[in-house]
1. Looking at residue 3 and the list (1) modelled with pLDDT of 95 or more; (2) more than 15 Å from the chain's Cα centre (by Cα); (3) not in a helix (DSSP H, G or I), which single condition is not satisfied?
2. Evaluate the stretch 52-63: report whether one residue or more is closer than 26 Å to residue 100 by Cβ and either touching a helix residue (DSSP H, G or I) at 6+ places or on another chain (Cβ under 7 Å) or exposed (fewer than 12 other Cβ atoms within 10 Å of the Cβ) (or both).
3. Return yes when residue 17 is within 21 Å of residue 117 (Cα to Cα), within 13 Å of the chain's Cα centre (by Cα), surrounded by 16 or more Cβ atoms within 10 Å (Cβ to Cβ) and touching a residue at least 12 places away in the same chain (Cβ under 8 Å) and no when it is not.
4. Among (1) over 17 Å from residue 24 (Cβ atoms); (2) at pLDDT 95 or above; (3) touching a helix residue (DSSP H, G or I) at 6+ places or on another chain (Cβ under 8 Å), there is one condition residue 89 misses while meeting the rest; what is its number?
5. Just checking, how many residues over the stretch 93-118 are within 22 Å of residue 10 (Cβ to Cβ) and surrounded by 11 or more Cβ atoms within 10 Å (Cβ to Cβ)?
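The values are calculated or read from the model by the stated rules, or taken from the named source; none is laboratory data. As the structure is a prediction and not an experimental result, all values here were calculated from the model. For neighbour counting, all protein chains shown are included, and Cβ atoms are generated from backbone atoms with ideal geometry for every residue, glycine included.
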């Protein structure tokens, strides 16, 4: 069982859930954008490609591991954008708090809950 213990925001990071970029699904339609920046990229044709996102996430994973951080990853959900795991839950002291997420993102939370059983 992973022991949660976050007392402040400045202590050294020991473990983290890092999102994944595999199988994010198709580029969203403008009306499906959650935020203004995504909408801007959808309209401009510059929305990130899966292979680019995977490369960036794996580079970040390498940096975290190099600094001794234990990195956990979500279970893969096909055709689901799971890159922002920070949006769906956070830890305060020894409690995992489920964020007030959009109903469409509920399954993303289920894909990280296995971390607590490590």
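1. Evaluating residue 3 over (1) modelled with pLDDT of 95 or more; (2) more than 15 Å from the chain's Cα centre (by Cα); (3) not in a helix (DSSP H, G or I) leaves (1) as the failure.
2. Scanning the stretch 52-63 turns up no residue that is closer than 26 Å to residue 100 by Cβ and either touching a helix residue (DSSP H, G or I) at 6+ places or on another chain (Cβ under 7 Å) or exposed (fewer than 12 other Cβ atoms within 10 Å of the Cβ) (or both).
3. Taking the combined requirement at face value, the residue satisfies it.
4. Among (1) over 17 Å from residue 24 (Cβ atoms); (2) at pLDDT 95 or above; (3) touching a helix residue (DSSP H, G or I) at 6+ places or on another chain (Cβ under 8 Å), residue 89 violates only (2).
5. So the answer is 2.
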